[in-house]
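Below: one structure, written as structure tokens.
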Amino acid sequence: MSTLKCNAFRNTASNDGGIDIDASGHVQIDGQQLPTSGALFARNKIINGSMEVAQRGTSSTSNGYVSLDRWFVNQSGGSTTFSQETFAAGSEIGSLKNYAKLDVTTSSDFTHIRQLIEDVRTVPAGTVTVSFYAKGTSPTGGLAVSMAQNFGDSGSSDVDIAQQTVTLTSSWQRFDLQFTIPSISGKTINANSFFQVAIGQGTNTGTTAFELNITGVQLEVGEKATPFEHRSYGDELARCQRYYCHYGSPFTTVTVGLRVGQGFVTSATQAHMILPTGKGKMRANPTPDSNDVVINDAATNETLTGFGDVTAYNGHVQLQINTQSGLTEGRGCNIRFSSTSGRFSLNAEL
């Protein structure tokens, strides 16, 4: 029988190797904090904290969900470029390949990136820790991290959690901050509730330019930051596809004539189609959006004029597509990209 041996076992934290347990019972191995309760997997409430999934494209100067999945750009009157960046080989931080850059040329209060975590109950009352790697130049007043509870459609009023600030430098640093989350006891929670994490300029009204480079964002229950939870690209993409599925450019360069989905024609002006949406079910029945696509029934290509019923199921979405005329009832059909910039997307974001 083999015996597990440790180099050292101490009752005080240090970073010189071995296992350390502090007075509060927190465990470190070689200076790395370990979880002391709850699951070892799925600790991170943030999706795409590694900044590697960018279905909408790698750069945008617009407001909203515009580039890196699950990250919303709140310009708030400012001017920004939000982009996915890649570390030079050998210079990766925390074994992370990608990072996000928020380049702000004109700022305003609440110019930031934020993530809405589905279901306000996901982040329980008590202490939570947010951690991330970052560098750059701080907004006026410092880089602000703030949180909020939203109780959904016609639910209880939002609860804002006071912001905290850190100072960025030109070198990568790992930051971790602890927040106290209030109880939701007595609150009315309705559909589309969420917990929000925002990083950027906070309540300060300065307009000075700043630059945020950030990756490895993690939100977890507890008062200590544990190492960033790495997930495979496939796992991260599947989590993102619960909220958004993209077909065609800008994710890839589209070949004219490329077809997606499968369905059948029910009349000269209507077709029903199924599109795959990844491993699970989208958060809600999504809103389709398209550009430079047609419906093809093997004999003709017809321009989309709108959508009827759109219903999300496990692994796919069923949708009714309308055209002006020209389809032949009873034929099979699919979506066909009519230019290299063609795209089709399904959006179920919060």
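The values are calculated or read from the model by the stated rules, or taken from the named source; none is laboratory data. What you see is a predicted model; the values in this text were computed from it and never measured. Because the Cβ atoms are built from the backbone with ideal geometry, glycine has one as well, and the counts that use them run over all protein chains shown. Heavy atoms of the whole protein, side chains included, go into the accessibility calculation; ligands, DNA and RNA do not. Shrake-Rupley method; radii C 1.70, N 1.55, O 1.52, S 1.80 Å.
Numbers below:
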quantity: The chain: relative contact order as a whole-number percent, Cα under 8 Å and 6+ apart; calculated: 16
quantity: Residue with peak Gaussian network fluctuation, the chain [Cα springs, cutoff 10 Å], from K97, K187, K224; calculated: K187
quantity: Among 107-115, 207-215, 150-158, the order from most to least packed when residues are scored by Cβ within 10 Å on average; calculated: 107-115, 207-215, 150-158
quantity: Rounded to the nearest 20 debye, dipole of the chain from Cβ charges on Lys, Arg, Asp, Glu; calculated: 460
quantity: Rounded percent of accessible protein surface that carbon and sulfur make up, the chain, 1.4 Å probe; calculated: 47
quantity: Cα Rg, Dmax, the chain, angstrom units; calculated: 23.4, 78
quantity: Anisotropy class of the stretch 247-318 from Cα gyration tensor, a/c 1.5 cut; calculated: oblate
quantity: Most mobile listed residue (G49, G248, G330) in the chain, GNM with C-alpha springs under 10 Å; calculated: G330
quantity: GNM result for the chain, Cα springs below 10 Å: residue of Y247, Y65, Y313 fluctuating most strongly; calculated: Y313
quantity: Alpha-carbon Rg/Rh ratio, for the stretch 201-350, with Rh computed the Kirkwood way; calculated: 1.12
quantity: The chain: calculated mean residue ellipticity at 222 nm from DSSP helix runs of at least 4, using -39500 (n - 2.57); calculated: -500 deg cm²/dmol
